[in-house]
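Heads up: the structure comes next, in structure tokens.
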Amino acid sequence: MEAWYAHIHNALNGRLDAQRALYEALAPRVLHTCKRYFVDEADAEDAMIRTMTQMFHQLATVREPKALPAWLRRTAVNECLMELRRRKAEWVELTDFPETGASATDALHDREALWALLRQLPEGYRTVFNLYALEGYSHAEIAEQLGISEATSKSQLSRARQWLQRRLVNFSLQ
Amino acid sequence: MSPKDLDKLFRDALSEGQAAPRPEAWARVAQGLPQAQRKRRILWWPYAAAASVALAAVGTWWMTDSRPEAAPSQQQAASSKQPVTSNKQPAASNQPPATSNEQPATSNQLPLATSSQGIAAFDLAFLPHMEAELGDERVPLLERRKAQAAVAAAPEYALAPEVPRRRYAQLAASVQNVWAAVSEFREAEVPAEVTVEVHVPAVVLQRINQTRTLAENLTESWSTLPSRRSH
């Protein structure tokens, strides 16, 4: 039972304060998810706002408050993918990885360092890696969501892993 | 580091997390907030009231428009006795008659007040007539009514209540009946006083009362509306 459960009823009745409270409680998680997909903060914010708006419109259909975070995460991912599809993200087969000056610090277990690394991944790699490793999608689902072949999904994932490994290997991990 | 480990490293660190949105973001979310919910709160009562009135109207028509053949003896009583006495009270309805008007009771085809037995008979009798042929939809209404009356008058059909195949046909027919009866009533030599009691089924009467309550609540909710909105 989280504190924001109590606001759902009032938010449904159109109480602005309750809607605000619900937003304050849930938007940070959504924004975090969106930021994993977009380097540009504004893009992530747009996706977050669309997700939250959608949530307020569909709040009446939510039976279990417990299920709301998972629903939000799914919706946020879908919003991000929709935007990425709209931009026709290029699923390029990069042979040589762009040197973005990635500087994973010594404290690699640090979330910040991993976060920075993830955000430096080329867009196609990052999307597939996000979906597979962090969201737990299968290659079939990823292929369907992104409109690419399963083979492409697999190759993008392995290249993303290579890319990350290469930057992690210089540092002694654990 | 194996791919699995790599995935796990990132998943554990980054899968869940929070990122504070810019303060400006809320304004954009607030813009897109559903307005309909607040409006719905305001507009709910009028729609409900209108719907119940419509429902009551349809219900009244439906319940009172069962065929006279459904309860011949009672119809006889209705057309011969005046004013109608309490032996015609529906068994299920202990409510007082809701309306009383001047509709003439001379015609046997009149959709008159009906008893609960009449309703039950009507419901039962509806089933075998569901699949009547569509052909004579094209026949003018009045002629069709005559034909139906003739069929109903035949002895083998005397006990079965006659049920039209379409509700709108039934409605139109009953309107036609009232009209015909009114003109007949004007021309005929009628007794000085004819009283017809329309017994509304308890369900319908309850509906009407609910509607009245709703209307009262409506006035109240309108009067308290501004304070709610300013909240």
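No lab work stands behind these numbers, since they all come straight from the coordinates. Computed from a predicted model, the values in this text were never measured in an experiment. Note that we place each Cβ from the backbone using ideal geometry, even for glycine, and neighbour counts take in every protein chain shown.
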Item to check | Computed over the stretch A:3-86: relative contact order in percent, which uses C-alpha pairs under 8 Å that are six or more apart | outcome: 30
Checklist outcome for this item: A student applying the Cα gyration tensor rule (rounded when a/c is under 1.5; otherwise prolate if a/b is larger than b/c, oblate if not) would label the stretch A:3-86 prolate
Checklist entry - Any idea what the dipole of the stretch A:3-86 comes to, in debye rounded to 20, about its Cα centre with Lys/Arg Cβ at +1 and Asp/Glu Cβ at -1? => result 360
